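*Asks:* Here it is, the structure, as structure tokens.
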Amino acid sequence: MTTTVVVGAQWGDEGKGKVVDVLAPEMDFIVRYHGGSNAGHTVLRNGQEFKFHLLPSGCLRPEKISVIAPGMVLDLPLLLEEIEALESFGVEKPNLRISPKVHLVMPYHKRLDELEEARRGERAVGTTKRGIGPAYADRAARTGIRLSDLFHPDEFREKLAFNLAEKNVLFQHLYGENPMPVEPMVEEYLRMREAIEPYMADTGHLLQQALRENKNILFEGAQGTLLDLEYGTYPYVTSSHTISAAVGLSTGVGLRQIDRIIGVSKAYATRVGGGPFPTELVGGLGDHIRSAGKEYGATTGRPRRCGWLDLVLLRYAARVNDLTSLAITKLDVLRGLEKIQVAVAYRYQGRITQDPPEDLGRLSECEPIYESFPGWSEVPKTEQWEEAPEPIQKYIDFVQREVAITVDILSYSPAPADTLRNSRLKA
């Protein structure tokens, strides 16, 4: 039995979907444990791309059991669309289990998200406008609606009416918009019960039973460490906990039951939306990396900000996630560059430090200090680490030493085959 967590070690978009897909053949269960449709995991299959937003990336493998755990928030119409889209990949019905405890992203959440971002103007967080923040806010305020509520129609209607009484005051008097009616929403969601009911299960019990039977479980994170509600660049963060500790909170699997935690990082860095980004490259090189890496959001299509790899923040991610190893992706994107730089420390408040400030919101005040490396003109054409191009070996060796964690997965294209796995690397 092995239990593996795959977690983003940057601001999300690190290539976690590819890493999950590479590890999936070894697994029995693949579990999404937080976030919602603001996530975008891209998996390549037979030359076709599938962009997962809510479904675990394992759903393209019907022999695996995929799980949506209670820590997620679910856009139900979008989930049903995503399930239907799987048919084009030969999956008529995913082997999927969904916790009845998941909270629903309702239409008023998405509307609030969009209107509030517009109201903030220059102070906008840069959300995906998918309603994730308002849904998690209602969960914390104990006014959220769970998937199980749909199977108690009178209670569902009562809860929905209570929520809309408040939301409609905001729509009318804060945003100057029309109110949203109750009954059409009740009818829309009750119609979806029949389609979703076959997938519902006690996922906590299911996973504990799997552990007793020595099954292999992979926990698939969304977004990245630096977007964590507590440990990220607040307030420019998501509304759930993105670090590895969220597995225990969101699935019912205890922390002592986790065997390995793999942090995924690009060979460079990107982020979407607002917030500090010390190694950001504006113009020239940043534009080149964006173009070469096709750095546009899988959920929104927004261009990602691009910059050099930041080892100060990667060390931080290793610490707060208790990483056991790293996966480095998108080595191919840096191909052809004469020189590649890596931030190894910051100049902050008159001193040089290898640690980020306690308040990551102050990252904008940090000046990165770089080490330079020769670029590479080709990517690995072998499964043997020793035969990888020398500049890549030097680059990865340096990352290992600086972060003090083994790099045991290297990815150099979206294709599953273009992956070098080497558990022999030593930190």
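*Asks:* Residues with amide H under 5 Å of Val31's amide H, sequence separation 5 or more or different chain, H placed in the peptide plane at 1.01 Å from N; which?
*Replies:* So Val31 has HN proximity to Val67, Leu218, Phe219, Glu220.
*Asks:* Further question on the same structure: On full extension of the chain, what length is gained from Ala161 through Val186, given 0.36 nm per residue of separation minus the C-alpha to C-alpha distance? Mind dumping the intermediate values first?
*Replies:* Numbers: separation 25, 0.36 × 25 = 9.00 nm, distance 0.93 nm.
Going from the current span to full extension adds 8.1 nm.
*Asks:* Below 8 Å between Cα atoms, with a sequence gap of 6+, how large is the relative contact order for the chain in percent?
*Replies:* Details: 921 pairs, mean separation 81.8, N = 427.
Computed over the chain, the figure is 19 percent.
*Asks:* While we're here: Using the basic label-point model (7 angstrom from Cα toward the beta carbon), what is the Glu386 to Gln172 distance in nanometres?
*Replies:* That separation, rounded to one decimal, is 7.6 nm.
*Asks:* Further question on the same structure: With charges only on Cβ, +1 for K and R and -1 for D and E, what is the dipole size of the chain about its Cα centre, in debye, rounded to 20? Write down the numbers at each step before the final one.
*Replies:* On the way: 50 positive and 58 negative charges, 102 e Å.
That gives a dipole near 500 debye.
*Asks:* Another one. How much accessible area per residue does the chain have, counting only protein heavy atoms and a probe of 1.4 Å, in square angstrom? Could the numbers behind the result be given before it?
*Replies:* On the way: 18290 Å² over 427 residues.
Heavy-atom SASA per residue in the chain reads 43 Å².
*Asks:* Rounded, prolate or oblate for region 73-188? Axes are the square roots of the Cα gyration tensor eigenvalues, ordered a ≥ b ≥ c, and the cut-off for rounded is a/c under 1.5.
*Replies:* In terms of gyration-tensor shape, oblate.
*Asks:* What ³J(HN,Hα) values, in whole Hz, does the Karplus curve 6.51 cos²θ - 1.76 cosθ + 1.60 give for region 111-120 when θ = phi - 60°, with x put for Gly and Pro?
*Replies:* 5, 4, 4, 5, 5, 5, 4, 5, 5, 6
*Asks:* Also, I was wondering about something else. Amide H neighbours of Met200 under 5 Å, at least 5 residues apart or on other chains, H built in the peptide plane: list them.
*Replies:* Under 5 Å from the amide H of Met200 lie the amide H atoms of Ile98, each far enough along the sequence or on another chain.
*Asks:* In whole percent, what relative contact order does region 243-401 give with Cα contacts below 8 Å and a gap of six or more residues?
*Replies:* It rounds to 22 percent for region 243-401.
*Asks:* Can you tell me which lysines have their Cα less than 24 Å from the Cα of Lys167? Leave out same-chain residues fewer than eight positions away.
*Replies:* Answer for Lys167, where 24 Å is the Cα cut-off: Lys101, Lys110, Lys129, Lys159, listed by chain and number.
*Asks:* Let me ask another. With a 1.4 Å probe and all protein chains left in place, how much of the accessible area of region 87-129 comes from carbon and sulfur atoms, in whole percent?
*Replies:* Values: 930 of 2260 Å².
Answer for region 87-129 is 41 percent, counting heavy atoms of protein chains only.
*Asks:* Through the Karplus equation 6.51 cos²θ - 1.76 cosθ + 1.60, θ set to phi - 60°, convert the phi angles of region 346-358 into ³J(HN,Hα) values in whole Hz; use x for Gly and Pro.
*Replies:* Listing the rounded values in order: 10, 9, 9, 6, x, 9, 9, 9, 9, 10, x, x, 4 Hz.
*Asks:* Still on this structure, please answer the following. Measure nothing fancy, just the Cα-based angle from helix 390-403's long axis to the longest principal axis of the chain, in degrees from 0 to 90, nearest 10.
*Replies:* Computed tilt is about 60 degrees.
*Asks:* Could I ask something else about it? Taking amide hydrogens as modeled 1.01 Å from N in the peptide plane, which residues meet the under 5 Å criterion relative to Arg304, leaving out close sequence neighbours?
*Replies:* Hits under the 5 Å cutoff: Tyr296, Gly297.
*Asks:* If you take every residue apart from Thr242 with its C-beta less than 10 Å away from the C-beta of Thr242, what net charge results, scoring Lys and Arg +1 and Asp and Glu -1? Before the final figure, lay out the partial values.
*Replies:* Numbers: positive: none; negative: Asp228, Glu230.
For residues surrounding Thr242, the net value is -2.
*Asks:* With the full set of protein chains in place, find how many percent of the accessible area of region 171-285 is carbon and sulfur; take the probe as 1.4 Å. Walk me through the numbers on the way to the answer.
*Replies:* Details: 2520 of 5110 Å².
Carbon and sulfur together cover 49 percent of it.
*Asks:* Next question, about the same structure. With a 1.4 Å probe and all protein chains left in place, how much of the accessible area of region 295-405 comes from carbon and sulfur atoms, in whole percent? Can you show the working numbers first?
*Replies:* Numbers: 2180 of 5200 Å².
Result for region 295-405: 42 percent of the exposed heavy-atom area is carbon or sulfur.
The values are calculated or read from the model by the stated rules, or taken from the named source; none is laboratory data. None of these values were measured; they are calculated from a predicted model. Please note: Cβ atoms are built from the backbone with ideal geometry, for glycine as well, and neighbour counts cover all protein chains shown. In case anyone asks, the SASA skips ligands and DNA or RNA and just uses the protein heavy atoms, side chains included. Shrake-Rupley method; radii C 1.70, N 1.55, O 1.52, S 1.80 Å.
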